[in-house]
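Visitor: The structure that follows is given in the form of structure tokens.
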Amino acid sequence: MSSTSEREGPTSQIGLSIVLPTFNEGGSIRQVIESLLRLETEQPIEILVVDDDSRDGTPDLVRALARQDPRIRLIQRVGRSGLASAIKEGLIAALYPTAVVMDSDGQHEPASVGEAVQLLDRKRLDLVAGSRFLDHSKIRGLSDRRTDGSTLANRLARWSLPGSYGHLSDCMSGFIVLRLNRCLPLVRQVDVNGFKFLYELLAISHGSLQVGEIPLNFQPRLHGSSKLDLAILWDYMVSLIHTATLRLLPRRAISFGLVGASGVMVQLLSTALLMGLFKLEFQQALPVAVITAASSNYLVNNALTFRDRRQSGRQLIRGLLKFLLVASLPALANVGLATSFYTLIQAHALWAQLAGIVVVYVWNYAASSRFVWNSP
């Protein structure tokens with residue numbers, strides 16, 4: 001529990017660090033930075049751009065602006081990437097005790113910074129989030145479909161978070177203001193492979209933070225298109241399960257298990273098709289179905305679970321062969337156990353296969369993580 005002195009302000013008199021994560025935001029970053037530099041404030045500020053080695057000229061543009069104004073700093077990252085890790089790195093590098101995180105595409109208005117900092121000081125809060133879903137919020141930068149999807153995603157996210165955050169309407173916002181003396185120890189613990197930085201921060205805080213919200217006037221992007229894709233939606237699902245299971249299992253293990261579940265469906269469907277259409281016996285169909293499912297698991301894991309180490313071209317084929325080699329022993333156990341179950345216990349293809357599948361999960365995850373994708 002924090003002492004009163006830890007929450008005392010006003011922090012607005014001693015400096016503000018504004019963290020802007022970027023990846024190919026060359027069409028908007030100049031306008032965003034210049035609008036932030038025009039903020040009416042007497043406190044010292046810095047604008048910290050954390051760039052994931054953009055190839056559209058973003059780093060050079062920011063570097064040129066920084067030569068003209070020392071309040072602008074650039075961290076150009078090579079060999080590491082991701083929105084959550086960029087935010088984390090920016091907050092750790094911040095000079096001032098109050099930090100703002102906002103998008104670099106112009107969807108967050110600079111005017112929201114002052115409003116959020118005032119609320120942080122006035123109510124002695126640890127964190128203020130900008131919400132797209134309060135009564136006075138305005139959303140111009142999302143389609144109705146995206147808005148409905150974000151509303152549903154927030155409901156599920158609130159269900160998985162500590163009850164003290166039940167009042168939040170947008171716990172996956174990209175606009176946050178933090179009092180770093182309270183939040184930085186938690187920031188250091190955030191899993192950068194998570195879905196949204198704010199959600200991960202709230203999840204690991206166990207309800208210890210005092211959090212408020214301000215309404216956002218959410219704008220259309222100045223340039224480019226949304227980076228929402230299947231991988232981000234996958235991260236969201238993994239994050240919900242990770243939090244709901246008290247974060248006891250590694251995120252990759254959860255993702256690997258979900259992919260494995262899809263592989264179960266592939267194996268069952270393949271077996272049914274081979275037995276039904278090609279009239280193969282169960283013992284003949286099962287090995288083909290197991291190899292098909294293993295290949296499917298490899299491709300999906302490569303695209304989602306281990307996408308930071310994603311393989312392509314010849315490496316993709318080499319990785320598939322390694323994966324099949326790693327999976328060969330448990331696959332043989334799968335086939336042997338399932339065949340024995342089918343022959344000796346019950347001639348039921350579904351239960352026989354499930355009995356074999358249960359055997360292989362732990363081995364496949366541990367061995368393929370290390371041998372195929374070189375991941376701890």
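The values are calculated or read from the model by the stated rules, or taken from the named source; none is laboratory data. Everything quoted here is computed from the prediction, not taken from an experiment. No Cβ is skipped: glycine too gets one built from the backbone with ideal geometry, and neighbour counts run over all protein chains shown. Just the protein is used for accessible areas: all its heavy atoms, side chains included, with ligands, DNA and RNA removed. Shrake-Rupley method; radii C 1.70, N 1.55, O 1.52, S 1.80 Å.
Visitor: Tell me the accessible surface of Lys138 in square angstrom (1.4 angstrom probe, heavy atoms of protein chains only), to the nearest ten.
Guide: Rounded to the nearest 10, that gives 130 Å².
Visitor: In addition: Amide H of Ile47: which non-local residues (sequence gap of 5 or more, or other chain) have their own amide H closer than 5 Å, using H built in the peptide plane?
Guide: Residues meeting the amide H criterion: Ile18, Ile72, Arg73.
Visitor: Can you give me the distance in nm between label points at Arg122 and Arg67, each placed 7 Å from the Cα along the Cα-to-Cβ direction?
Guide: 4.3 nm
Visitor: When the accessible area of the chain is split by element with a 1.4 Å probe, what percent falls to carbon and sulfur?
Guide: Of the solvent-accessible surface of the chain, carbon and sulfur hold 58 percent.
Visitor: Taking Cα atoms, how many degrees apart are the long axis of helix 282-303 and the longest axis of the chain, rounded to 10 and kept between 0 and 90?
Guide: Once rounded, one gets 20 degrees.
Visitor: Treating each Cα of region 62-165 as an identical point scatterer and ignoring solvent, apply the Debye formula and state log10 I(q)/I(0) at q = 0.14, 0.21, 0.23 Å⁻¹.
Guide: -0.82, -1.46, -1.48
Visitor: Taking the C-alpha atoms of region 107-183, how large are the radius of gyration and the largest Cα-Cα span, Dmax, in Å?
Guide: When restricted to Cα atoms, region 107-183 yields Rg and Dmax of 13.2, 38 Å.
Visitor: Putting +1 on Lys and Arg Cβ atoms and -1 on Asp and Glu Cβ atoms, find which of Ala289, Ser17, Leu134 reaches farthest to the positive end of the dipole of the chain.
Guide: Final value for the positive-end residue is Ala289.
Visitor: A further question on this structure: Please go through region 21-55 and write out the GluC sites (Glu not before Pro) that DSSP classes as loop and that have at most 12 other C-beta atoms within 10 Å.
Guide: Glu40, Glu42
Visitor: Additional query: Ranking request for peptides 85-97, 274-286, 203-215: highest mean number of other beta-carbon atoms within 10 Å first, then the rest in descending order.
Guide: Result, highest mean Cβ count within 10 Å first: 85-97, 203-215, 274-286.
Visitor: Now for a different question. Once label points are set 7 Å from the Cα along Cα→Cβ at both Leu316 and Val78, what is their separation, rounded to one decimal in nm?
Guide: 2.7 nm
Visitor: Further question: For Ala93 and Ile232, what does the FRET efficiency come to when R0 = 25 Å and r is the distance between their Cβ atoms, rounded to the nearest 0.05?
Guide: That pair, Ala93 with Ile232, gives E of 0.50.
Visitor: Could I ask something else about it? Which percent, to the nearest 5, of DSSP beta bridges fully inside the chain are antiparallel?
Guide: Taking every DSSP beta bridge within the chain, about 25 percent pair in antiparallel fashion.
Visitor: Size of the dipole of region 145-267 about the Cα centre, Lys and Arg at +1 and Asp and Glu at -1 on the beta carbon, nothing else charged, in debye to 20?
Guide: 140 debye
Visitor: When the convex hull of the C-alpha atoms of the chain is computed, what volume per residue in Å³ does it have?
Guide: 159 Å³
Visitor: Tell me the angle of helix 314-340 to the major Cα principal axis of the chain, expressed in degrees between 0 and 90 and rounded to the nearest ten.
Guide: The angle comes out near 50 degrees.
Visitor: Which of the trypsin sites (Lys or Arg not before Pro) found in region 291-328 are loop residues per DSSP with 16 or fewer other Cβ atoms within 10 Å of their Cβ?
Guide: Answer by residue number: Arg310.
Visitor: Something else about it: Using 7 Å Cα-to-Cβ label points, what is the Glu115/Ser35 separation (nm, one decimal)?
Guide: Label-label distance for Glu115 and Ser35, simple model: 1.3 nm.
Visitor: Then there is this: If the chain between Asp148 and Phe278 were fully stretched, how many nm would it gain, using 0.36 nm times the residue separation less the Cα-Cα distance?
Guide: Stretched fully, the Asp148-Phe278 segment lengthens by 42.3 nm.
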